[in-house]
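To keep things clear, I will list the structure first and then write my remarks on it.
FYI, it's all coordinate maths here, none of it is from the lab. As the structure is a computational prediction, the values presented were derived from the model and not from experiment. Positions of Cβ are backbone-derived with ideal geometry, glycine not excepted, and every protein chain shown enters the neighbour counts.
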Amino acid sequence: MTRRLAALTLALSVVFAAGTDVASQQAAATEWLVSRADVGRPGGQLVVIERAEPRTLNPVVAVDAPSKEILARTTADLIHVDRETQQPQPALARSWTVSPDGRRFTLSLRHGVRFSDGQPFDADDVVFSFTVYLDEKVGSPQRDLLIVGDKPITVRKIDQYTVQVDLAEPYAIGERLFDSVAMLPRHLLETPYTEGRLARMWAVGTAADAFAGLGPFRLREYVPGQRLTLERNPFYWKTDRAGTHLPYLDRLVFVFVPSEDAQALRFQAGDADVTTRLSAANFEVLMRDRGRRNYDLLDAGPGLDYTFLFFNQNTVAPNDAPQVARRRGWFRQLAFRQAVSLAIDRDAIVRLVYRGRATPLWGHVPPGNKLWVNRSLPRPSRSPDRARERLRSAGFSWNAAGALVDKDGQAVDFTIVTNTGNTERIQIATIVQDDLKQVGIRVGVVTLELRTLLQRLLTTHDYDACVLALGASDGDPSTEMNVWLSSGGTHLWNPEQASPATPWEAEIDTLMRRQLTERDVQARKRLYDRVQELVAENLPVISLVSPSVLAGTTKGLGNLRPTIFDHHALWNVDELFWRGRPAGGTR
Amino acid sequence: MTSRPQPAGRNYQVALVALGVVYLAAIFAGFLAPYDPSTQSRDLAFVPPTGLHWVDMSGTIHLRPFVYEDGRSYPLRFFVRGAPYRVGRFFQSDRHLFGVDEPAMLLLLGSDGFGRDQLSRLLYGALISLFAGPLGAALSVALGLVLGGLAGFFGGWVDTVVMRAAELFLAVPWFYLLFAVRMALPLRIEPQEAFLMILTIVAVVGWARPARLIRGMVLSGRTRDYVVAARALGASDLHVLRRHVLPQASGIALTQAALLAPQYILAEATLSFFGLGVGEPVPSWGNMLAVLQRYDVLSSYWWMFLPGGALLAVFLLYYLLADALHERVAALPG
């Protein structure tokens, strides 16, 4: 009996020891990324306002901003650009090396990482992910970002935790290429991919357990029209300095509120904890109330968006009316554009439209883009007199009624279009209209629905002038290639040129192409500085203003470090926690 | 058939006179308004209504009210020279009923986001908003008279065609149609022209309701003794229509017009509210109210609601008029 018991105990203890040994091997095998943020406490939920419902939950095909914002919380990339420091940091890749010529990256993957459904992650998933993104038949919008030197990058598996990436030519942005390229679960998506139905997977109605991702959260439920709830991913590969597994929050809830004013209202009422798209006017309204309602308002400073006025400089088609040709002739004269720029009261725009929470611009790179802005551009102050001088030098004059007329005695008048639904742009157009009235130019303001507007701008070229805004997601010049290249599709004032229409556009083309492959940061900056000079001198766009990034959050959110980069408040959602409230949430 | 004693007609008179005053004020907006509606004073954005004072800080009562600016008092002056304006096509002047000297500004109804005087904008805006009403109503009712009259009088396939067409027009969501129309219009037409075009479309689309009513009236009138008698005496269709049927319908038509006018005023306001009406800087009550879509304006600047109050007052006057008209029509024999 004793012997049998001893044998049994021995057997059991051997099994047990082996078991714990295996388990501890597995636990030791996971290489956690340790966050350097303050140590917080787990628990609670965070309710975030989102402007529209996601169109898909498939990272391969998502194009719209709401889908991408939600997917950014449920997926992870190999190398991630820290939104605060702007520097690339290890994520799923724990380290990497770059070949001297800059064309080969060897990434060493983090060991022991698992997807949100528990399945392991390794190089096979990486290779699979890139195969999918680069497949033309799948048609992922990510594909364009992975083409360097006109050739797609190639990704090879070296061993279970190492991949090698080859580029056709050196790429200026280097490893930033990998930021936000979500790694996909081969075990769930390979079959649909080989069967050709990957693009249809993971649509918004899909059950939560059909998803798997590597982000801090995973889908819990989606009630269309109301809310989308994400829950903590128990397999997330980050911990804090005390060893607690991140994320701290149990749940992340997105509520959908389409209009900016309604967003401000809902936030003020306490329906949500975070809102990041406040207009300056609503920011002021909320400021008055903040003591009573327990929220913090944050001004993250000048952002990356820039609003501008531009004129139609397309070549006149042979069957266009003579008035069209005449107008186009005015717009193509540099002195005319310079005069318009001198006449506009940018300070009034900052004061009246943005309540002071914006910066006037004379170049297209806003000061919020600290790494790339050219600080030595001239900033001529508003001067209707100098505007008139410029107009005179271009052959314009004024008739008895005070209206501006061109060389042939025709009165100068044109229309500014902008999109409905953006009250700030309409206000800016109204201010410009009044400013130009002071120099005798009659301006009409017409608002159009956005898609119609874009069609007029980019396809039919049937417009005079437009007030529009662009915003880079990370400020790097490579994201705006299509705007500044004369052949680009969003080269707004004269898109898709067969060959550059002007010498300065040709120069910008050369500079933009060179900066794309220039790996030395200083040299690249000099190239892009010159581009900014050319734009400020030749005024294809008359830069007006750059609004500040304004956000609001419930008080007591720890580790909140708002930035001007997307997502302004949630970029480090895995580190956010509630102070003082164990199961915190909405007010 | 006995006729009821006619009502005293006082409502009718009050409504007519009041509306007349309002319309006169709109026509003479240039004279009554102290400023040009598009002049921006960028340092005076969203200023609440200026107070007019009669007693100054030292306790002295002044007969002439004044405003304060920077510690100085500026008395209200009458028949001042100001921004030039036109009334209609021919009368031009720069005299305004009242005003204050520069640099003070008299903002009796406050200012908007660009520092433009709301009172001036209200008066000039009345031109657009108030004339949109009767114009649109007249057009709709005229069309309705013709088509409804024809349908009711001739019956048969004419009736069927017209009535089915009416149902179609009633079913069309004209609001969305207007967005499409606006997009199709060239950018370069004058904002007033674009607006008139859109209003015409609204009015044309709106013929259906008056048409149905008129048709009903005509149908019932057609079988009356005197109509039958006229036909028996050899009167042509046109004659009967013109002399017997339509005059009856005209009473209804007039009431309809009085009811439709405020609806079209509201239609203009709605269009302008959504950016489809007159463009900047031309004011209309609708686009003055559009700014209330912004939460900050809605919650902080109460004086921006005043065009809504003006609309309400005008609607009430119109309904009073329609009511009075209706009573007169009901009192008529037959």
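Brief remarks on what is shown
- Cα centroid of segment A:337-412 to Cα centroid of segment A:244-313, whole Å: 31 Å
- Debye equation applied to the C-alpha atoms of segment B:119-207, log10 I(q)/I(0) at 0.18, 0.25 Å⁻¹: -0.89, -1.20
- Shape class of segment A:287-388 from the alpha-carbon gyration tensor: prolate, with a/c at 1.5 or above and a/b greater than b/c.
- Note on chain B: along the principal axes its Cα atoms extend 86, 50, 40 Å, ordered by decreasing extent.
- The residue among A:Gly112, B:Ile61, A:Thr131 whose Cα reaches farthest toward the positive pole of the charge dipole of the protein assembly as shown, with charges on the beta-carbon of Lys, Arg, Asp and Glu, is B:Ile61.
- 30 Å Cα-Cα reach of A:Lys437 towards lysines, excluding residues that sit fewer than 8 places from it in its own chain: A:Lys407
- Kirkwood hydrodynamic radius (C-alpha pairs) into Stokes-Einstein, chain A, 10 °C and 1.306 mPa s, D in µm²/s: 60 µm²/s
- In degrees, nearest ten, helix A:280-293 long axis to first principal axis of chain A (Cα): 40 degrees
- Backbone amide hydrogens, once placed in the peptide plane, bring A:Leu298 within less than 5 Å of A:Ala551, A:Gly552, A:Thr553, excluding anything fewer than 5 places away on its chain.
- Dipole of chain A computed with +1 at Lys/Arg Cβ and -1 at Asp/Glu Cβ about the Cα centre; of A:Ser95, A:Trp504, A:Thr563, farthest Cα towards the positive end is A:Thr563.
- Residue-normalised convex hull volume from the C-alpha trace of segment B:129-260: 114 Å³ per residue.
- For A:Ser546, A:Ser341, order by how many other beta-carbon atoms lie within 10 Å, fewest first: A:Ser341, A:Ser546
- Distance from segment B:83-140 to segment A:36-105 (C-alpha centre basis), Å: 55 Å
- Distance histogram for segment A:63-150 (every C-alpha pair counted, 10 angstrom bins, percent rounded to whole numbers): 13, 40, 41, 7
- Restricted to Cα atoms, segment B:181-334 shows a radius of gyration and a Dmax of 21.3, 72 angstrom.
- Subset of A:Lys137/A:Lys370; A:Lys157/A:Lys238; A:Lys151/A:Lys238; A:Lys68/A:Lys151 violating a 28 Å alpha-carbon distance limit: A:Lys137/A:Lys370; A:Lys151/A:Lys238
- Segment A:428-587: Rg to Rh, with Rh as the Kirkwood radius over Cα pairs: 1.08
- D (Stokes-Einstein, µm²/s), Kirkwood Cα radius, segment A:199-290, 1.306 mPa s at 10 °C: 102 µm²/s
- Under 12 Å from the Cα of A:Lys555 - aspartates and glutamates, other chains or at least 8 residues apart: A:Asp273, A:Asp296
- Chain B: calculated mean residue ellipticity at 222 nm from DSSP helix runs of at least 4, using -39500 (n - 2.57): -19000 deg cm²/dmol
- With neighbour counts taken as other beta-carbon atoms within 10 Å, the residues B:Trp303, B:Trp285, B:Trp54, B:Trp207 rank, fewest first, as B:Trp54, B:Trp303, B:Trp207, B:Trp285.
- Size of segment A:119-211 as Cα extents on the principal axes (Å, biggest first): 42, 28, 22
- Of the trypsin sites (Lys or Arg not before Pro) found in segment A:172-228, those in coil by DSSP whose Cβ has at most 13 other Cβ atoms within 10 Å are A:Arg197.
- Helix A:334-343 axis, angle to chain A major axis (alpha carbon atoms, nearest 10°): 80 degrees
- Helical contribution to [θ] at 222 nm, DSSP H n ≥ 4, -39,500 (n - 2.57), averaged over chain A, rounded to 500: -9000 deg cm²/dmol
- Charged-residue dipole, Cβ positions (Lys, Arg, Asp, Glu), segment A:509-587 about Cα centre, Debye nearest 20: 380 debye
- Test item: Cα-centred dipole of segment A:401-522, Lys/Arg +1 and Asp/Glu -1 on Cβ, debye: 200 debye
- Taken as Cα centroids, segment B:239-264 and segment B:17-57 sit 38 Å apart, rounded to the nearest whole angstrom.
- Counting other Cβ atoms within 10 Å as a rough exposure proxy, the listed residues A:His461, B:His62, A:His364 run B:His62, A:His461, A:His364 from fewest neighbours to most.
- Long-range HN-HN contacts of B:Trp207 with modeled amide H, under 5 Å: none
- Remark: segment B:58-112 projects, on average over all directions, an area of 5.3 nm² (convex hull of Cα atoms).
- Sparse-neighbour loop sites [GluC sites (Glu not before Pro); segment A:469-532; at most 16 other C-beta within 10 Å; DSSP]: A:Glu496
- Per-selection Rg to Rh, segment B:89-135 - Cα, Kirkwood hydrodynamic radius: 1.05
- The GluC sites (Glu not before Pro) of segment A:46-133 that DSSP puts in a loop, and whose beta carbon has at most 14 other beta carbons within 10 Å, are A:Glu84.
- Size of charge dipole - chain A - debye, nearest 20, with Cβ of Lys, Arg +1 and Asp, Glu -1, no other charges: 1120 debye
- Taking the C-alpha atoms only, the angle from helix B:174-184 to the longest principal axis of chain B is near 70 degrees.
- Overall form of segment A:33-92 per C-alpha gyration tensor (a/c, 1.5; a/b vs b/c): oblate
- Taking chain A and dividing mean pair separation by its residue count, relative contact order in percent (alpha carbons under 8 Å, at least six apart): 20 percent
- For the protein assembly as shown, with +1 on Lys and Arg beta carbons and -1 on Asp and Glu, the positive-most of A:Leu249, A:Ile153, A:Ala401 along the dipole: A:Ala401
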